[in-house]
Amino acid sequence: MNNIISIKDITYTYPDAVSHAIDNLSLDINTNEWLSIVGKNGSGKSTLTKLIDGLIEADSGTIEIDGQTINEDNIWDARKKIGIIFQNPDHQFVGATVEDDVAFGLENQGVPRPQMVEKVDAALEMVDMQDYKTRDPQSLSGGQKQRVAIAGVLATRPQIIIMDESTSMLDPKGRKTVLDLIKRLRHDQNMTIISITHDIEETQLSERIVVLDNGRVVKDGLPESIYNLGSELTNFGLEEPFSSQLTQLLRNDLKLPEGFLNEEELMDSIWKLSSKM
Ligand SMILES: Nc1ncnc2c1ncn2[C@@H]1O[C@H](COP(=O)(O)OP(=O)(O)O)[C@@H](O)[C@H]1O
Ligand SMILES: [Mg+2]
């Protein structure tokens, strides 16, 4: 079994809403995959996250997590396998110190005190925040806050991390630190990463992009195949990647290779052409 998550035909309508937030959606996610979910505001990305995490229950259809179809009896076990990092780190803090905060999830799971201290230390080390243990989370920078939030998630050892626009409030440096960390975790801890983002550059880190529109999957493919949609991407609330806009402009004058080129490939092609001139 390679699918850590298998979603079949789920539909969900919010109480009193006139239309479905999620409309007959099916999606399989492989173990250890890094999947990006994109789509304009209101397309259903956060609702899908809540359904996967069992915070709300689908009207119809099934969700399998790690081989188990989730139901009322096993939802708590399933939730232990999932960690969610939200957009605004300020809304995620519950502790007065960094270490209290990271311990919160473990406390909820009833982990005994001595083990808790060990797990908190290990999680803070993974995000390189061990020197900030006794600090007030509010005194940290945006990137540091998000790393503490990630430590809180990591302490409970989830198999799946869902990032719901978790880098959108960070500056470029904070964003890079967080994404480098996620890259390393996925590699070292064999985690599955689901990243919801509006940042097309960020999707280049993933292996597959799923595009949601009106609660449905409308595109599902390799990043290159999604970038090749070019200006059609704006229909899904996305910017074209910078390298793809630039390639388009340069194609008027230069004979560049077909298809999507990332920044490195574009530079290489330009170098090759200029050395022939
Ligand atoms: N708590 C809610 N009550 C009613 N409707 C909601 C609620 N949350 C979201 N919706 C609606 O459900 C749809 C999907 O929203 P959401 O999943 O938040 O989209 P996204 O995360 O892609 O921006 C939208 O039409 C939104 O207005
Ligand atoms: Mg959302």
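Every number here is computed from the coordinates shown, using simple stated rules; none is lab data. Since the structure is predicted, the reported quantities are computational estimates derived from the model, not experimental observations. So basically every Cβ, Gly included, is an ideal-geometry build from the backbone, and we count neighbours across all protein chains shown.
Numbers below:
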quantity: Backbone N within segment 172-205 under 15 Å of label point (7 Å from residue 122 Cα along the Cβ vector); calculated: 188-191
quantity: Alpha-carbon spread of segment 151-214, three principal axes, descending order, Å; calculated: 33, 27, 18
quantity: Kirkwood-Stokes translational diffusion coefficient of the chain, alpha-carbon pairs, 10 °C, 1.306 mPa s, µm²/s; calculated: 78 µm²/s
quantity: Residue list for segment 20-60, given a label point 7 angstrom along the Cα-to-Cβ vector of residue 2 and an amide N cut-off under 14 Å; calculated: 28-34
quantity: Net charge of Cβ neighbours under 12 Å - reference residue 116; Lys, Arg +1; Asp, Glu -1; calculated: -3
quantity: Residues listed by number, segment 246-260, amide nitrogen under 11 Å from residue 276 label point at 7 Å toward C-beta; calculated: 255-257
quantity: All-pairs alpha carbon distance profile, segment 57-142, 5 Å steps from 0, percent; calculated: 3, 12, 18, 20, 16, 12, 9, 7, 2, 0
quantity: Sequence ranges 147-160, 11-24, 97-110, ranked by mean other-Cβ count within 10 angstrom, highest first; calculated: 147-160, 97-110, 11-24
quantity: Computed over segment 62-134: relative contact order in percent, which uses C-alpha pairs under 8 Å that are six or more apart; calculated: 21 percent
quantity: Kirkwood Rh (inverse of mean 1/r, distinct Cα pairs), segment 104-208, angstrom; calculated: 14.5 Å
quantity: Top of 241, 172, 257 by mean-square fluctuation, Gaussian network on the chain, Cα under 10 Å; calculated: 257
quantity: Over the chain, relative contact order from alpha-carbon pairs under 8 Å, at least 6 apart, %; calculated: 23 percent
quantity: Cross-link table 119/173; 80/119; 8/81; 40/219, entries beyond 25 Å C-alpha to C-alpha; calculated: 119/173
quantity: Antiparallel %, DSSP beta bridges [both residues in the chain], to 5; calculated: 50 percent
quantity: Cβ-based exposure ranking for 271, 34, in which fewest neighbours within 10 Å come first; calculated: 271, 34
quantity: Order of 249, 55, 266, 35 - criterion: other Cβ atoms within 10 Å of each residue's Cβ, fewest first; calculated: 249, 55, 266, 35
quantity: Along principal axes, Cα extents of segment 1-154, largest first, whole Å; calculated: 47, 32, 29
quantity: Antiparallel bridges, percent of DSSP beta bridges restricted to segment 156-268 (to nearest 5); calculated: 50 percent
quantity: Placed amide H near residue 13: partners under 5 Å, 5+ positions off or other chain; calculated: 21, 59
quantity: Rounded FRET efficiency, nearest 0.05, which uses the C-beta distance separating residue 130 from residue 263 and R0 of 30 Å; calculated: 0.30
quantity: Charge dipole of the chain about the Cα centre (unit charges at C-beta), most positive-ward option of 37, 178, 60; calculated: 178
